[in-house]
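My questions all concern the structure below.
The values are calculated or read from the model by the stated rules, or taken from the named source; none is laboratory data. This structure is a prediction, so every number in the text was calculated from the model and none was measured. Cβ sites come from the backbone with ideal geometry, for glycine too, and all protein chains shown count toward neighbours. Calculation scope for accessible area: heavy atoms of the full protein, side chains included, ligands and nucleic acids excluded. Shrake-Rupley method; radii C 1.70, N 1.55, O 1.52, S 1.80 Å.
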Amino acid sequence: APPQTVAAQRSGHFEVGRAEQGRMSEFKGLQAGLAPLGEALASLEASSPEDAASVDAWLLRANTAEAEIRRLEARLLGVFRLRALEVDPDKAMYGPGMREKVLQACGEAEELVLRWAQVELMRARMSTLHGEQSDAASAAAAEAERARQNEQTAAALVSAAAAVEEAAHRQREEAARALEQVTARAILAARLAFTGAALDKERALERVRAAYTAHEYGDMVQVACLLLSNVRKFPEERSFRALRLRNQLIHVHFSAREGGLPLLRALGFALRDAEMDEPLLVLEEPNVERDFEKWADWFDVLKANIARLEAELRVLRLVAVLPTAVKGSMHVPNDESLPRHRQGPQPQVATLAGSGM
């Protein structure tokens with residue numbers, strides 16, 4: 001035969017031999033994996049995981065075993081067994097010894113496939129358990145996240161409340177300092193206004209009239225008339241006769257205005273020391289039981305002062321007389337000239353709203 005033909009024949013035989021060697025190597029690998037796969041299936045069958053981590057590990061091992069089972073089914077039971085069962089001598093690839101080894105390995109593989117069917121049922125249950133555990137874990141994580149957010153919200157609310165309280169505290173402190181300053185100035189102004197000789201009410205009114213516009217002057221006369229009218233209506237109530245300098249009504253209309261405190265002094269109010277270093281403007285009432293004549297004179301002066309202020313308001317026209325304090329539904333005697341011991345039972349007093357007198 002020509003050299004080229006001989007070389008080709010030798011090359012063909014070499015390729016066939018190498019393919020056969022590869023098939024034998026694959027079979028040996030499949031055969032060698034049968035025992036470890038059986039051990040893996042036995043371990044899976046014996047396991048009963050409960051916690052999530054153990055179930056995850058079990059499912060991972062089951063998936064690995066399944067991949068090996070599928071390889072056995074495809075190669076050992078599919079390819080190698082068909083070759084071993086070939087009855088045509090011209091097509092037979094194995095001798096008697098090799099064929100026996102292949103069929104024996106296929107028998108072992110079939111047993112593993114049957115065992116895998118039971119493990120696969122276990123895997124279905126494990127997958128269900130894994131899903132339930134995943135749902136529970138997700139729910140727990142969501143609950144933990146909600147709790148964390150609630151804690152953050154609560155902390156933010158506490159922080160905001162603390163900030164509001166701190167701001168309110170600062171405002172209260174500032175208001176207290178401002179009130180102290182206002183009170184201190186009012187006390188100083190009152191002590192100066194009540195030092196020396198008092199003005200008569202005409203001069204006091206003229207002084208205020210000259211210092212302010214008709215509207216501002218009318219406001220002062222209106223409030224002064226209200227203060228005296230409340231005393232006339234309820235002379236026995238000290239709350240109407242004792243005025244705090246820090247009272248907003250007194251401060252705005254008298255303490256903070258030129259001539260305001262001298263006007264109150266001219267109308268009969270006197271400066272008296274009280275608790276907490278804050279003097280009071282007091283319209284002293286004589287004791288009617290001890291000296292009725294003195295009380296009657298005092299009450300006549302009170303009514304005369306009211307009449308003078310009301311006359312001034314009528315002159316101004318733009319300013320009306322304010323209503324006196326309300327005392328509920330009980331009847332208030334019209335004859336205010338009567339002394340208290342002749343007026344009968346006195347109703348409960350409701351002071352002027354917002355005056356704090």
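What residues qualify as long-range amide H neighbours of Ala270, i.e. H under 5 Å apart, gap of 5 or more or another chain, H built at 1.01 Å from N?
Val282, Leu283, Glu284
Counting only protein chains, not ligands or nucleic acids, how are Leu59, Leu227 ordered by accessible area (probe 1.4 Å), most first? Display every interim value, and only then the final one.
Numbers: Leu59 25, Leu227 0 Å².
Final ranking, largest accessible area leading: Leu59, Leu227.
Then there's this: Just read off the accessible area of Thr64 with the full protein assembly in place, 1.4 Å probe, to the nearest 10 Å².
Roughly 90 Å² of Thr64 is accessible to a 1.4 Å probe.
Still on this model: Extension gain Asp273-Arg71, at 0.36 nm per residue separation less the Cα-Cα distance, in nm? Don't jump to the answer; show the numbers that get you there.
Values: separation 202, 0.36 × 202 = 72.72 nm, distance 10.91 nm.
Result: 61.8 nm gained on full extension.
Any lysines with Cα under 23 Å of the Lys201 Cα? List them, leaving off those in the same chain fewer than 8 positions away.
Counting by Cα, and skipping residues close in sequence, Lys201 has these lysines nearby: Lys233, Lys294, Lys303.
Using Cα positions and a limit of under 18 Å, work out the lysines in reach of Lys28, with same-chain residues fewer than 8 apart set aside.
Result set, ordered by chain and number: Lys101.
Still on this model: On the full set of protein chains, 1.4 Å probe, figure out the accessible area of Lys294 and give it in Å² to the nearest 10.
Rounded to the nearest 10, the figure is 120 Å².
Rank by packing, highest mean first: peptides 158-166, 239-247, with packing defined as the count of other Cβ atoms within 10 Å averaged across residues. Don't skip to the end; give the middle numbers.
Details: 158-166: 10.0, 239-247: 19.7.
Highest-to-lowest ranking by the protection proxy: 239-247, 158-166.
Mind grabbing the base-10 log of I(q)/I(0) for the stretch 122-187 at q = 0.14, 0.20, 0.25, 0.29 Å⁻¹? Debye formula, identical points on the C-alpha positions, no solvent, two decimal places.
For the requested q values the scattering log ratios are -0.68, -0.85, -0.97, -1.06.
Tell me the GluC sites (Glu not before Pro) within the stretch 169-244 that lie in a loop according to DSSP and have at most 14 other beta-carbon atoms within 10 Å.
On the way: sites: Glu173, Glu174, Glu180, Glu202, Glu206, Glu216, Glu236, Glu237; in loops: Glu236, Glu237.
Of the GluC sites (Glu not before Pro), the ones in loops of the stretch 169-244 whose Cβ has at most 14 other Cβ atoms within 10 Å are Glu236.
A further question follows. By how many nm would the segment from Val164 to Asp291 grow when fully extended, if each residue of separation counts as 0.36 nm and the alpha-carbon distance is taken off?
Length gained between Val164 and Asp291: 39.9 nm.
Work out from phi, with θ = phi - 60° and the Karplus expression 6.51 cos²θ - 1.76 cosθ + 1.60, the ³J(HN,Hα) of each residue of the stretch 128-136, listed in order in whole Hz, and give x for Gly and Pro.
Once θ is set to phi - 60°, the couplings for the stretch 128-136 become 5, 4, 5, x, 5, 5, 5, 4, 5 Hz.
Can you tell me how much longer the chain between Ala137 and Lys101 gets when fully stretched, taken as 0.36 nm per residue apart minus their C-alpha distance, in nm with one decimal? Walk me through the numbers before you get to the answer.
Working: separation 36, 0.36 × 36 = 12.96 nm, distance 5.01 nm.
The Ala137-Lys101 span can extend by a further 8.0 nm.
In addition: Taking the Cα centre of the stretch 157-202 as the origin and placing charges on Cβ (Lys, Arg +1; Asp, Glu -1), which of Ala163, Ala175, Ala190 is farthest toward the positive end of the dipole?
Ala190
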